[in-house]
Amino acid sequence: MKKNILIIPGDGIGQEVTTWGKKVLQKIGENYGHEFSFDEAIMGHTAIEATGNPLPDETLAKAKASDAILFGAIGHIKYDNDPSAKVRPEQGLLKIRKELGLYANLRPILLFDELLDASSLKPEILQGTDILFFRELTGDVYFGEKNRNEDNTFASDLMNYNRYEVERIARKAFDAARTRSKRLCSVDKANVLETSRLWREVVQEIAKEYPDVETEHMFIDNAAMQLVKNPKKFDVVLTANLFGDILTDEASQIAGSMGMLASASVGDGTGFFEPIHGSAHDIAGQNKANPLASILSAALMLDISFGLQEEAKAVTNAVAETLKAGWRTGDIANSSTETSKILGTQEMGEKVLEFIK
Ligand code: IPM
Ligand code: MG
């Protein structure tokens with residue numbers, strides 16, 4: 001198979017972790033006889049520094065022309081405490097999501113048994129958890145009209161959804177539920193928000209097309225609580241952009257660390273694969289970041305964009321073997337981990353490569 005992959009390392013630890021996602025793709029290409037070619041582009045703070053624009057036209061053009069994109073992370077501390085900055089790294093990510101029509105963000109909560117004790121939650125609560133989030137990614141309050149009055153005493157962000165936006169993500173989630181345990185939970189705030197009432201109405205309608213899937217509706221506040229109380233209760237979770245953003249950070253603690261969660265953004269065209277973690281400037285450039293989320297994002301690319309299930313499995317198995325052998329990065333180590341087993345980004349990446357069949 002011939003594929004042209006665009007690497008966008010982005011900011012902070014994005015640079016380091018993406019190196020390993022890419023190396024894993026190269027190794028898979030060699031082992032399975034695929035011709036993967038790579039190009040690179042800038043986005044986020046890195047792109048602002050170089051061009052003044054968080055998503056330069058050249059990056060967007062390369063993205064549109066590629067078969068799949070592996071992205072690292074976005075953001076810089078400089079902007080976090082400067083709410084007045086007009087140009088911000090995150091604008092690059094939001095714009096590329098919109099431009100590529102990436103309306104469905106899949107976030108699997110993949111729990112490796114070896115990491116049961118890396119979570120702050122009790123192992124018996126976690127064991128057996130397997131959740132697949134479908135977060136809507138190009139609508140909601142993220143993309144609604146923003147306003148601030150002249151004397152800075154009022155601001156607003158418009159939360160809004162079109163029926164078709166709910167329909168298309170709902171169908172994707174129901175289709176996935178069919179291939180899993182046939183349970184779907186749609187999360188909203190229909191007791192308060194009009195957008196959520198539309199959301200629920202549409203999901204109820206689509207549910208009729210999937211009588212074999214057991215559908216449940218839950219309010220976001222309750223879902224946030226149930227997720228830590230009894231995560232096993234969830235299988236496919238379907239939710240809006242903002243709720244999904246918050247809920248999946250919470251859910252990352254089930255998997256032990258933000259450094260473990262990969263995501264796939266899909267929709268109209270080229271698929272976009274990225275860890276759910278941020279740029280973590282506090283540890284950037286120190287060989288401390290966990291490369292596994294980027295490596296698992298590469299596995300999602302192989303599976304979802306290229307339909308290479310066996311190759312994807314080879315990657316997740318290699319991650320599982322690495323963990324089984326006791327290797328850890330700092331974020332997934334605990335007090336009982338031997339110091340000699342705690343690796344840097346590079347060493348962890350090399351271990352995974354060794355385990356790829
Ligand atoms: C995510 C991130 C982004 C989001 C930020 C960086 C804009 O938190 O992908 O979850 O809010 O979508
Ligand atoms: Mg987030």
Checking E30 against (1) in contact with a helix residue (DSSP H, G or I) (Cβ under 8 Å, 6 or more places away or on another chain); (2) outside any loop (DSSP other than H, G, I, E, B), which single condition isn't satisfied? (1)
Against the conditions (1) more than 20 Å from E350 (Cβ to Cβ); (2) out of contact with any Leu (no Cβ under 6 Å at 6 or more places or on another chain); (3) within 14 Å of ligand 1 (Cβ to nearest atom), where does D303 fall short? Just the number, please. (3)
Name the residues in the stretch 16-47 that are touching a Pro at 6+ places or on another chain (Cβ under 8 Å), charged (D, E, K, R) and farther than 14 Å from L6 by Cα, would you? E16
Just for the stretch 217-268: of the residues that are among the acidic types (D, E) and within 16 Å of ligand 1 (Cβ to nearest atom), which one is surrounded by the most Cβ atoms within 10 Å (Cβ to Cβ)? D245
Going through the stretch 280-296 in order, the residues found to be in contact with a helix residue (DSSP H, G or I) (Cβ under 6 Å, 6 or more places away or on another chain) and either part of a helix (DSSP H, G or I) or small (G, A, S) (or both) are A289, L292, A293, S294, I295
Given the condition more than 22 Å from I304 (Cα to Cα), in contact with a His (Cβ under 6 Å, 6 or more places away or on another chain) and in the same structural domain as V87 (by TED's automatic domain parsing), answer yes or no: does some residue in the stretch 53-68 qualify? no
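The values are calculated or read from the model by the stated rules, or taken from the named source; none is laboratory data. These numbers come from a predicted model, not from an experiment. Using ideal geometry, Cβ is built from the backbone for each residue, glycine included, and neighbour counts are taken over all protein chains shown.
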